[in-house]
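The values are calculated or read from the model by the stated rules, or taken from the named source; none is laboratory data. Predicted model, so just to flag it, every value in this text is computed and none were measured. With ideal geometry, Cβ positions are generated from the backbone for all residues, glycine too; neighbour counts draw on all protein chains shown. Just so you know, the surface numbers come from the protein's heavy atoms only, side chains and all, with ligands and any DNA or RNA stripped out. Shrake-Rupley method; radii C 1.70, N 1.55, O 1.52, S 1.80 Å.
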Amino acid sequence: MSCGSKVLLFSTLLTDAFMSEKINIFDTTLRDGEQVPGCKLNADQKIMIARQLETFGVDIIEAGFPISSPGDFEAVKRIAQEIREPIICGLSRSVEKDISAAAEALKPARRPRIHTGIGTSEMHIKYKFNSTQEDIIERAVRAVAFAKKYVEDVEFFAEDAGRTDNEYLARVCEAVIKAGATVLNIPDTTGYCLPDEYGQKIAYLRDNVKGIHKATLSTHCHNDLGMATANSIAAVQNGARQIECTINGIGERAGNTALEEVVMTIKHRFGGLYHTDLDCTMLKGLSELVSDKMGMPVQANKAITGHNAFAHSSGIHQDGVIKNRSNYEIIDPREVGVDKSVIVLTARSGRAALAYRAKEIGFNLYKDELDIAYDRFINLADRQKEVHDQDLSVMLTQLFPKVAI
Ligand code: KIV
Ligand code: ZN
C-alpha cells in the first residue's frame, strides 16, 4: 500500500470513528401541542408557524389530525401545499376512514407521511378496545398496509408503549415493519417511564425486533412526571434517531418533550456524537410566536426560552457571571436568539451587580460612591421585588448628579 493510500485509509477511519449521527426532529406543536384546551389555531396561524418551523429546519412537521374536523383537514392540506422542505405528517387512528382522510389532506405534499397506530398496553387493549393482543396486532398490520396504498412513508405509533410489555411490543413492531412501516413511534403516552426504563425499552427493540434496520425508532414522551426530556435523551442514547417534541413543551396534560431542551442537550452534551440540522438562533423567536398565537404563556423558569433562563439575581451568581459568564451559564444566550444575559437587581444582589448595572446606564462609580449607593439601593430593594433601571437612574442622579458618563 502506498504512503498516500495509508494516509487516506487512516483519515477515513478517523472520520468514521467520529461520525456524528443526525437526530431527526419531528415537531408536533401543530398536532399534539394544539390539542391543549384553549390553544386551538386557525389555518392561517398554523401556516405561519409551519413556515417558521421550515426555516428553522425541522425534519418533520406533524400538521394535524385531518379526520378530527373540517378545519384541521383544510389546515393540513394547506400546509401540505405550501411547505415544501420538511416531511408533512398527518395523524390517524388505525381506522380506514381516518387513514383515507389523512391521505387526502396530504395529497399535495412533496414528502407526505401518514402516522397511524393503536394502543398496545394491557390497559388500552382491555379497557379501550375490549380486545386481545393478537387482534391488536392484526389491526395494526391492516392499518399500516392500508396507509401504504397511499404513501411510501408510514409511521406507526404503539400508543402507551411506555406501559407495554417489551416482548409484546417487539412482536407488534416486527409485524408492522413487515407490513411496511418506515418509522416506529414508541410513545410514553402517560409520561410514566423513568429514563433508564425507557432507554432499556428502546434498546430492547433495537436488539430484538427482526427487520429493525428497515425502520427508524422514534421517541414521543409526555411530561407527567417531568421526565419527558430525560426520557427522550435516554432513547437517543439507546438507538432512537427521531425525537417527537413541541415548542415550549406544550401538549396534552403536562405536555410533550420540549423541542428546545432536547435540541440544546444534543448540541451541548454529547461532544458532537449526535447533531440536528436546526438554526438554534430561532428558538427564542419561535417560542414567543407559539406562545403568542396559542395564548399560552411560557413559565419564567422554563429551560432555554423562559424569561429567567439567562437572568441572574443573587449576589454570588452575579459576581461570578460578571467575572466570567461561564461561571453560571452553560449556553451563550445568543445561540438561542436571546440578546444577552441579564443582571437583575434585587435585595439579594451585591455591589458587583450594582456597579455593573450602574455602568450600563451611564454611572461609573468609584469605590466610596458605590458604598454610599449600595446602602441606598439595598433599602430600596427591600421595599420592592426588583430595582429597575429607571429607579436606579433616579436614585443615582439624586446621589451623584455629576458622575454620569
Ligand atoms: O401520546 C401519544 O401516544 C400520541 C400518539 C397519538 C402518537 O400522541
Ligand atoms: Zn402524545
Checklist line | Given (1) open to solvent by less than 10 Å² (accessible area, probe 1.4 Å); (2) within 16 Å of ligand 2 (Cβ to nearest atom); (3) in a helix (DSSP H, G or I), index of the condition Ile136 fails | finding: (2)
Next item on the list: Scan the stretch 245-254 for residues that are surrounded by fewer than 24 Cβ atoms within 10 Å (Cβ to Cβ) and within 11 Å of ligand 1 (Cβ to nearest atom) and jot them down.
Entry: Glu252, Arg253
Margin query: Residue under question is Gly285, and the condition is that it be farther than 28 Å from Ile23 by Cα, part of a helix (DSSP H, G or I) and either open to solvent by 20 Å² or more (accessible area, probe 1.4 Å) or without any contact (Cβ under 8 Å) to a residue 12 or more places away in the chain (or both); does it hold?
Written below: no
Notebook entry, point to check: Which of the residues that make up the stretch 331-378 are crowded, with 20+ Cβ neighbours inside 10 Å and basic (Lys, Arg)?
Noted result: Arg357
Notebook entry, point to check: Which residues, counting only those in the stretch 297-306, are of a type in the set (A, V, I, L, M, F, W, C) and either on the phi > 0 side of the Ramachandran plot or loosely packed, with under 15 Cβ neighbours inside 10 Å (or both)?
Noted result: Ala300, Ile304
Note to self: Tally up the residues in the stretch 26-44 that are closer than 21 Å to Pro86 by Cα and either hydroxyl-bearing (Ser, Thr, Tyr) or without any contact (Cβ under 8 Å) to a residue 40 or more places away in the chain (or both), please.
What the structure shows: 5
Checklist line | Conditions (1) in a helix (DSSP H, G or I); (2) in contact with a helix residue (DSSP H, G or I) (Cβ under 6 Å, 6 or more places away or on another chain): number failed by Gly71 | finding: (2)
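Quick grid of which residues meet (1) away from ligand 2 (no atom under 16 Å from the Cβ); (2) in contact with a His (Cβ under 7 Å, 6 or more places away or on another chain); (3) assigned to a strand (DSSP E or B):
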position: Ala145; (1), (2), (3): yes, no, no
position: Asn185; (1), (2), (3): no, yes, yes
position: Thr190; (1), (2), (3): no, yes, no
position: Cys193; (1), (2), (3): no, no, no
position: Asp196; (1), (2), (3): yes, no, no
position: Gln200; (1), (2), (3): yes, no, no
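Kindly provide the set of residues from the stretch 202-240 that are assigned to a loop (DSSP other than H, G, I, E, B) and closer than 12 Å to Ile186 by Cβ, ordered by number.
Step one: list which residues in the stretch 202-240 are assigned to a loop (DSSP other than H, G, I, E, B), which gives 209-211, 215, 223-227, 238-240.
Within the stretch 202-240, Val209, Ala215, Asn238, Gly239, Ala240 qualify.
Restricting to the stretch 255-272, name every residue that is more than 14 Å from ligand 1 (Cβ to nearest atom) and closer than 28 Å to Asp292 by Cβ.
Once the filter is applied, which keeps residues that are more than 14 Å from ligand 1 (Cβ to nearest atom) and closer than 28 Å to Asp292 by Cβ, the stretch 255-272 yields Ala258, Leu259, Glu260, Glu261, Val262, Val263, Met264, Thr265, Ile266, Lys267, His268.
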Next item on the list: May I ask you to list the residues in the stretch 218-267 that are under 10 Å from the mean Cα position of the chain (by Cα) and on the phi > 0 side of the Ramachandran plot?
Entry: Asn248, Gly249
Next item on the list: Would you check if there is a residue in the stretch 18-38 being within 16 Å of ligand 2 (Cβ to nearest atom), acidic (Asp, Glu), modelled with pLDDT of 95 or more and touching an Asp or Glu at 6+ places or on another chain (Cβ under 8 Å)?
Entry: yes
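Quick grid of which residues meet (1) acidic (Asp, Glu); (2) within 16 Å of ligand 2 (Cβ to nearest atom); (3) modelled with pLDDT under 95; (4) open to solvent by less than 20 Å² (accessible area, probe 1.4 Å):
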{"residue": "Ile67", "(1), (2), (3), (4)": "no, no, no, no"}
{"residue": "Val76", "(1), (2), (3), (4)": "no, no, no, yes"}
{"residue": "Ile99", "(1), (2), (3), (4)": "no, no, no, yes"}
{"residue": "Ala109", "(1), (2), (3), (4)": "no, no, no, yes"}
{"residue": "Pro112", "(1), (2), (3), (4)": "no, no, no, no"}
{"residue": "His115", "(1), (2), (3), (4)": "no, yes, no, yes"}
{"residue": "Gly119", "(1), (2), (3), (4)": "no, yes, no, yes"}
Next item on the list: Take the stretch 326-380 and flag every residue that is part of a loop (DSSP other than H, G, I, E, B) and either of a type in the set (Val, Ile, Thr) or touching a residue at least 40 places away in the same chain (Cβ under 8 Å) (or both).
Entry: Ile330, Ile331, Gly337, Val338, Val344, Thr346, Ile361, Gly362, Asn364
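Does Arg113 count as in contact with a strand residue (DSSP E or B) (Cβ under 6 Å, 6 or more places away or on another chain), assigned to a helix (DSSP H, G or I) and within 16 Å of ligand 1 (Cβ to nearest atom)?
Values: in contact with a strand residue (DSSP E or B) (Cβ under 6 Å, 6 or more places away or on another chain): yes; assigned to a helix (DSSP H, G or I): no; within 16 Å of ligand 1 (Cβ to nearest atom): yes.
When the stated conditions are applied, Arg113 does not pass them.
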